Amino acid sequence: MIEILNDREIERARVSGRLVGGILEALRQRCRVGTNLLDIDRWAQQMILDAGAQSCYVDYAPSFGRGPFGHYICTAVNDAVLHGRPRDYRLADGDLLTLDLAVLQDGIAADAAVSFLIGTATDPEDLRMIATTEEALAAAVAAAQPGARIGDISHAIGTVLSGAGYPVNLEFGGHGIGTTMHQAPHVANSGRPGRGYRLRPGLMLALEPWVMADTDQLVTDTDGWTLRSATGARAAHSEHTVLITEHGPEILTH
């Protein structure tokens with residue numbers, strides 16, 4: 001299903017987007033050496049509940065996961081890149097952490113992710129990888145113009161990621177979003193321009209470039225959810241929810 005939001009739904013989407021962006025920034029500021037991933041999950045839970053919103057993750061049970069996710073935020077560390085299930089782990093100096101959050105408020109969902117380093121470590125390759133996903137996300141947003149096609153977005157992402165030397169996985173990528181978290185169309189992180197669904201005002205997309213340093217192959221952790229690089233290489237992930245408007249793309253999850 002591909003949803004086109006009406007004016008009232010768009011206003012609600014803006015509220016949801018601000019909430020997700022605000023929670024992620026607040027959590028980023030609180031994460032430091034010694035922070036437990038389960039504490040991050042509890043903080044996210046409290047902020048979601050305080051806002052009168054609902055988690056998109058707690059009861060989420062797709063075919064690629066093992067049972068309901070059971071937590072309020074994804075916390076992926078180092079070689080984990082997607083669907084990181086919070087666990088009893090304290091962050092160490094130099095850890096590469098990705099926080100991925102999706103929330104439903106007043107019937108409309110928003111989804112975003114951010115990767116950053118913990119502590120004082122400034123590994124150049126980690127910083128380059130994070131910056132590349134952010135650059136690819138900016139290129140994706142710029143390509144999300146009314147009348148363009150999904151392939152234009154995928155091509156913009158893939159050009160940046162591949163140009164920086166990273167292998168690109170096509171199994172997981174961006175997606176439509178609206179009254180539910182995951183909808184059509186799928187937005188692969190590489191593709192051919194001029195192909196796919198034509199973008200229309202009112203369409204909302206979660207765009208999410210992600211890479212692993214030296215592979216495009218994933219393995220599933222024993223928790224049944226967390227996806228890790230097959231080589232143990234570190235990974236980064238950047239995501240925003242973007243609204244297509246008559247005047248161009250609008251990022252909702254700042």
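The values are calculated or read from the model by the stated rules, or taken from the named source; none is laboratory data. Just so you know, these numbers come straight off a predicted model, no measurement behind them. Positions of Cβ are backbone-derived with ideal geometry, glycine not excepted, and every protein chain shown enters the neighbour counts. For the accessible areas, the whole protein counts, side chains as well, though only heavy atoms, and no ligand, DNA or RNA atoms are used. Shrake-Rupley method; radii C 1.70, N 1.55, O 1.52, S 1.80 Å.
What to note about this one:
- Between V33 and R192, the simple spin-label model (points 7 angstrom out along Cα→Cβ) gives 5.1 nm.
- Placing unit charges on the Cβ atoms only, positive for Lys and Arg and negative for Asp and Glu, gives the stretch 165-254 a dipole magnitude near 320 debye about its Cα centre.
- Anisotropy class of the stretch 1-74 from Cα gyration tensor, a/c 1.5 cut: oblate
- Summarised in one figure, the compactness ratio Rg/Rh of the stretch 111-254, Cα atoms and Kirkwood Rh, is 0.98.
- A simple charge model with +1 on the Cβ of Lys and Arg, -1 on the Cβ of Asp and Glu and nothing else charged puts the dipole of the stretch 78-225 at about 840 debye relative to its Cα centre.
- Cα-centre dipole for the chain with unit charges at Cβ (Lys and Arg positive, Asp and Glu negative), debye to 20: 300 debye
- Ellipsoid fit via the Cα gyration tensor, the stretch 1-137: semi-axes of 26, 17, 15 Å, each the root of five times an eigenvalue, largest first.
- Global geometry of the stretch 144-195, whether rounded, prolate or oblate, following the gyration tensor of its Cα atoms and the 1.5 cut on a/c: oblate
- Linear extension gain, D123 paired with R66, 0.36 nm per residue minus alpha-carbon span: 17.1 nm
- The order of the peptides 41-49, 185-193, 54-62 by mean Cβ neighbours within 10 Å, most packed first, is 185-193, 41-49, 54-62.
- Distance (nanometres) between label positions extended 7 Å along Cα→Cβ at F116 and D59: 3.2 nm
- Cα gyration tensor, the stretch 84-182 - rounded (a/c under 1.5), prolate or oblate: oblate
- Mean separation of Cα contacts under 8 Å (6+ apart) over length of the stretch 210-254, as relative contact order %: 31 percent
- Per residue accessible area of the chain, 1.4 Å probe, in Å²: 41 Å²
- Within-14-Å neighbourhood charge of E134 [Cβ basis; K, R +1; D, E -1]: -2
- Proximal charge balance of L96 [Cβ under 11 Å; K/R count +1, D/E count -1]: -4
- With the highest mean first, a sort of the peptides 242-254, 125-137 on other beta-carbon atoms found within 10 angstrom per residue produces 125-137, 242-254.
- Reciprocal mean inverse distance between Cα atoms of the chain - Kirkwood radius, Å: 17.9 Å
- Computed E for D93/Q145 - FRET, C-beta separation, R0 30 angstrom, nearest 0.05: 0.10
- Computed over the chain: relative contact order in percent, which uses C-alpha pairs under 8 Å that are six or more apart: 24 percent
- Nonpolar atom fraction for the chain, defined as the carbon and sulfur part of the 1.4 Å probe accessible area, stands at 50 percent.
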